[in-house]
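Quick notes on the structure that follows.
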Amino acid sequence: MSSYNAPFEIHVHGQVQLRGDVQFDQLQEALKPLWHYAGARSLADGATSAYDEEPGIKFDPKEHLLQMCWTVRGDEDFRQSLDEMCMNLNEISELGAAIEVTFYDAEFDEEEEDRGAESRDDFLMLFVGPNPAAIMQVQRDLLVQDVVNMMERHFDGSELGGVVAEIDKLFSQRFDDLVNSLEIGRPPRGSGGLRARWWPQAAPSALSEGACGSGSGEGAVTEALSAAVSASKYLAAYPESLQQQAARLLASGRLPEWLMERYPTPHGLRTDGALYRHVEALRQEHLRQTPRLDRVVYDSKIHVVRNALGLHTISSRVQGGRLKAQHEIRIGALFKDAPAPFLSMIVVHELAHLREREHNKAFYRLCEHLEPAYHQLELDVRLYLTHLEAGGARLWGLPDSASA
């Protein structure tokens with residue numbers, strides 16, 4: 001972003017406690033959205049503020065502390081850089097922290113103020129941390145501080161214990177809701193247990209003893225794969241009989257072929273922009289009363305080994321004197337190369353969280369309403385992940401040059 005004629009002077013202020021193992025190179029990469037926006041080639045080059053009296057961006061390696069008092073000239077597009085910076089700092093922070101960002105309208109002058117015009121000044125409060133609990137702790141502490149400071153004008157501090165306790169209850173509930181929204185969906189259990197209809201109807205022929213072989217060597221391989229499937233987190237919620245069928249299908253070597261026959265082609269949503277348009281269109285068609293999505297992206301930092309295929313997050317910002325919630329959906333980058341039904345299942349799961357935060361009956365009914373084959377698709381996705389977990393190759397790959 002060129003600093004010439006930039007409509008805003010943007011000030012970033014805060015300090016973040018980093019993990020003890022974080023090195024300068026890692027911090028430089030995490031803050032790249034800032035210094036790159038400023039037109040610098042490195043953090044050392046871009047750490048200097050637009051104002052000489054400000055210390056800029058400093059890193060204390062002994063205290064493992066990042067300090068920012070830094071101004072850059074820019075435009076509204078700097079908000080995207082802030083989002084990327086926060087995601088990066090989450091990965092290397094030790095504790096939760098608040099970062100204040102102020103947009104000063106560089107084009108507003110006193111004459112306009114005299115005429116009653118309003119400036120475009122804006123203030124954001126961003127939060128980073130190693131996990132949601134750390135971030136919410138900072139938000140809670142700031143809120144308690146603000147409320148107590150205001151109420152101490154009228155009450156003694158010793159009288160405000162009940163107020164603080166109610167704030168703690170609110171944040172405890174918010175944390176529980178967030179944890180529920182981040183868990184990968186588990187197949188719901190009813191009085192009859194898991195429904196067998198979720199199992200692929202084409203599977204029996206691939207699971208015959210003949211397909212798996214009967215020799216002692218092949219039997220040992222089958223037993224080893226069966227043990228691996230039983231230990232797999234992806235199928236752990238299913239009955240043992242289904243896990244055994246999965247083990248036989250995996251041992252036969254036909255699981256990749258079966259998946260490719262069932263889902264022969266990948267989807268074409270290769271860019272974040274195409275993904276956003278697709279997901280937001282679904283939301284507008286089926287869930288019009290839910291909040292508009294601010295961002296939908298593929299995220300390489302979401303690892304299925306962490307039990308997440310996608311994430312729906314709600315971040316709170318203080319903007320323009322009011323608290324504003326931003327809704328994001330992040331899809332594991334693995335599913336950039338996947339069939340459309342797989343992507344549909346994950347998208348539906350995250351969209352359903354806009355209305356139902358917990359994985360309850362209402363949540364799964366909504367998933368089935370949005371995608372009637374939801375449970376079958378979830379099982380098939382889990383089979384694919386089990387294939388990958390066992391060392392299998394990725395399927396449905398497209399050249400990087402492909403576009404939506």
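The values are calculated or read from the model by the stated rules, or taken from the named source; none is laboratory data. Remember, predicted model here, so these are calculated numbers, not experimental data. Methodologically, a virtual Cβ is constructed for each residue, glycine included, from the backbone with ideal geometry; neighbour enumeration extends over all protein chains shown.
A few comments on the model shown:
- Considering the range 27-135, the qualifying strands (runs of 3 or more DSSP E), each wholly inside and each with 1 or more residues that are closer than 22 Å to residue 300 by Cα, within 30 Å of the chain's Cα centre (by Cα) and not hydroxyl-bearing (Ser, Thr, Tyr), run over 122-128.
- Positions within the range 314-346 being in a strand (DSSP E or B), at pLDDT 50 or above and in contact with a Leu (Cβ under 8 Å, 6 or more places away or on another chain), in sequence order: 327, 328, 329, 330, 331, 332
- Flag for residue 78 being in contact with a helix residue (DSSP H, G or I) (Cβ under 7 Å, 6 or more places away or on another chain) and at pLDDT 95 or above: no
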